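The block underneath contains the structure these notes are about, expressed in structure tokens.
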Amino acid sequence: MGMPLFNLFELPDHPALFGSLQAAGPARAWSLMAELARYDEPSYLENVPPEEHPDAIFERTIAFMNQAPALTGLDRDQQARRFATYGPQLQFDSTYLSLWLNDPGLLFDQVVSVTGSDHLRRAQRQGNGVLALPLHVGPSYPIGPIMAHHIPVSLVFNRMNFAAIQAIAFPSLDIEAHQLGSESTFRRALNTLRGGRAFSIFPELDPRGIDAHHRRVPFLGTTVQAPLGPVLVSRAARAPMVPVSLRSSGNGRFELEYHEPISAPQSSADDAFVLEELWLVIESTLLAGEFGEWEMWYEFDRMQPEHVGAAS
């Protein structure tokens, strides 16, 4: 698999480069990285498999976007082309953000602005921990470490060299991670939330596939199969859910947003309603201008979208 010059998987192998970019400071590091990435792009494109070339990604993405009636009238072509280079940009932005994760003064003064902190605090005050739900929008990978500056975090990851990245990028943060499938995610979530921490899990897709813990929800003018897991954890722990998104301005500045807390279901009869409430937040975030940087377009078919015009 071809990888762009700046990527999280190889980042820990280059501590001298990491330190040099840190020494340059945010503005200069962004400029240097962008220039080097431009030089690397032809070599990267020569080495990616044909199905990962931007042209192939564009064709798949525009076909998926055409299955979402709510995107009609929006510039799907432009957004699909934006998504065609999303993978390398995700790695670039995540690498850049990793440079500053262990320095909160610099991180929040020059790189990341935060909105909705009151939403997180309101959720914390309920006393049952916080079920944090990072959305797969923009440079989503560093959301957990950024959150750890505000609340102790335990997160679940699927494919990531988390320990190596933590050692070089944020060794001082109160954050722990567990690979999906290494133990019971449900049990780990309950224990974490009972300890007053944030438990963080991506809400849009269960990489293990569709199972009995999925429900169809309205989304972008169609319906998709959505994992019910976050809602079940929320109800069992009586912990509010807080969706979190991270957006890039494109010039080395980012905005982290804690969305309004979603109250835990009172009973199983409320599960479907609360799941739809969560997916309305996801939909609103995409329609606000982020749908060209939603990682789930890579595998939208795995969410089994309902065909337009099919019976509900």
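The values are calculated or read from the model by the stated rules, or taken from the named source; none is laboratory data. Keep in mind it's a predicted model, so treat the numbers as computed, not measured. Heads up, the Cβs are rebuilt from the backbone with ideal geometry, glycines too, and the neighbour counts pull from every protein chain shown. SASA here: full protein model, heavy atoms, side chains in, ligands and nucleic acids out. Shrake-Rupley method; radii C 1.70, N 1.55, O 1.52, S 1.80 Å.
Is it the case that the stretch 52-64 has a residue that's modelled with pLDDT under 95, of a type outside the set (A, V, I, L, M, F, W, C) and touching a helix residue (DSSP H, G or I) at 6+ places or on another chain (Cβ under 8 Å)? Lay out the reasoning, then the answer.
Start the filter on the stretch 52-64 by keeping residues that are modelled with pLDDT under 95, which leaves 52.
Retained after the next criterion (residues that are of a type outside the set (A, V, I, L, M, F, W, C)): 52.
Still in the running and touching a helix residue (DSSP H, G or I) at 6+ places or on another chain (Cβ under 8 Å): 52.
Yes; the residues of the stretch 52-64 include at least one that is modelled with pLDDT under 95, of a type outside the set (A, V, I, L, M, F, W, C) and touching a helix residue (DSSP H, G or I) at 6+ places or on another chain (Cβ under 8 Å).
Got at least one residue in the stretch 277-299 being assigned to a loop (DSSP other than H, G, I, E, B) and either surrounded by 19 or more Cβ atoms within 10 Å (Cβ to Cβ) or in contact with a strand residue (DSSP E or B) (Cβ under 6 Å, 6 or more places away or on another chain) (or both)? Even if it seems obvious, please write down each step before you answer.
Filtering the stretch 277-299 down to residues assigned to a loop (DSSP other than H, G, I, E, B) leaves none.
The answer is no, given that none of the residues of the stretch 277-299 is assigned to a loop (DSSP other than H, G, I, E, B) and either surrounded by 19 or more Cβ atoms within 10 Å (Cβ to Cβ) or in contact with a strand residue (DSSP E or B) (Cβ under 6 Å, 6 or more places away or on another chain) (or both).
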Any hit, the stretch 3-14, residues being modelled with pLDDT of 95 or more, assigned to a helix (DSSP H, G or I) and among the acidic types (Asp, Glu): yes
When residues of the stretch 59-83 are limited to those that are closer than 25 Å to Asn7 by Cβ and either free of Cβ contacts under 8 Å to residues at least 24 places away in the same chain or open to solvent by 10 Å² or more (accessible area, probe 1.4 Å) (or both), the one farthest from the chain's Cα centre (by Cα): Glu59
Gly229 being open to solvent by 20 Å² or more (accessible area, probe 1.4 Å), of a type outside the set (Ser, Thr, Tyr), free of Cβ contacts under 8 Å to residues at least 12 places away in the same chain and within 25 Å of Pro142 (Cα to Cα): no
Unique residue being touching an Asp or Glu at 6+ places or on another chain (Cβ under 9 Å) and of a type outside the set (Ser, Thr, Tyr) when the list is Phe18, Phe64: Phe64
Of all residues making up the stretch 289-303, the number that are modelled with pLDDT of 85 or more and out of contact with any Ser or Thr (no Cβ under 9 Å at 6 or more places or on another chain): 5
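Is it the case that the stretch 144-154 has a residue that's among the aliphatic types (A, V, I, L, M) and either under 13 Å from the mean Cα position of the chain (by Cα) or surrounded by fewer than 19 Cβ atoms within 10 Å (Cβ to Cβ) (or both)? Walk me through it before giving the result.
First, the residues of the stretch 144-154 that are among the aliphatic types (A, V, I, L, M): 146-148, 151, 153.
With either under 13 Å from the mean Cα position of the chain (by Cα) or surrounded by fewer than 19 Cβ atoms within 10 Å (Cβ to Cβ) (or both) added as a condition, the list becomes 146-147.
Within the stretch 144-154, one or more residues are among the aliphatic types (A, V, I, L, M) and either under 13 Å from the mean Cα position of the chain (by Cα) or surrounded by fewer than 19 Cβ atoms within 10 Å (Cβ to Cβ) (or both).
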Subset of the stretch 85-142 [open to solvent by 10 Å² or more (accessible area, probe 1.4 Å), under 30 Å from Ala264 (Cβ atoms) and of a type in the set (A, V, I, L, M)]: Val114
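So, in the stretch 232-268, exactly how many residues are part of a helix (DSSP H, G or I) and crowded, with 20+ Cβ neighbours inside 10 Å? If you could, list the steps in order and put the result at the bottom.
Let us first name the residues in the stretch 232-268 that are part of a helix (DSSP H, G or I), namely 232-237, 268.
Remaining after also requiring crowded, with 20+ Cβ neighbours inside 10 Å: 233-234, 237.
Counting residues in the stretch 232-268 that are part of a helix (DSSP H, G or I) and crowded, with 20+ Cβ neighbours inside 10 Å gives 3.
Which residues, counting only those in the stretch 207-226, are in contact with a strand residue (DSSP E or B) (Cβ under 7 Å, 6 or more places away or on another chain) and open to solvent by 10 Å² or more (accessible area, probe 1.4 Å)? Give the steps one after another, and end with the answer.
Going residue by residue through the stretch 207-226, those that are in contact with a strand residue (DSSP E or B) (Cβ under 7 Å, 6 or more places away or on another chain) are 210, 213-217, 223-226.
Result: Ile210, His213, His214, Arg215, Arg216, Thr223, Gln225.
Does Leu180 fit the bill of being under 17 Å from the mean Cα position of the chain (by Cα) and farther than 23 Å from His259 by Cα?
On the way: under 17 Å from the mean Cα position of the chain (by Cα): yes; farther than 23 Å from His259 by Cα: yes.
Against the criterion (under 17 Å from the mean Cα position of the chain (by Cα) and farther than 23 Å from His259 by Cα), Leu180 qualifies.
Could you say which residue among Glu204, Glu176 is surrounded by 16 or more Cβ atoms within 10 Å (Cβ to Cβ), of a type outside the set (S, T, N, Q) and touching a residue at least 24 places away in the same chain (Cβ under 8 Å)?
Details: Glu176 fails: touching a residue at least 24 places away in the same chain (Cβ under 8 Å).
Just a single option satisfies the conditions, and that option is Glu204.
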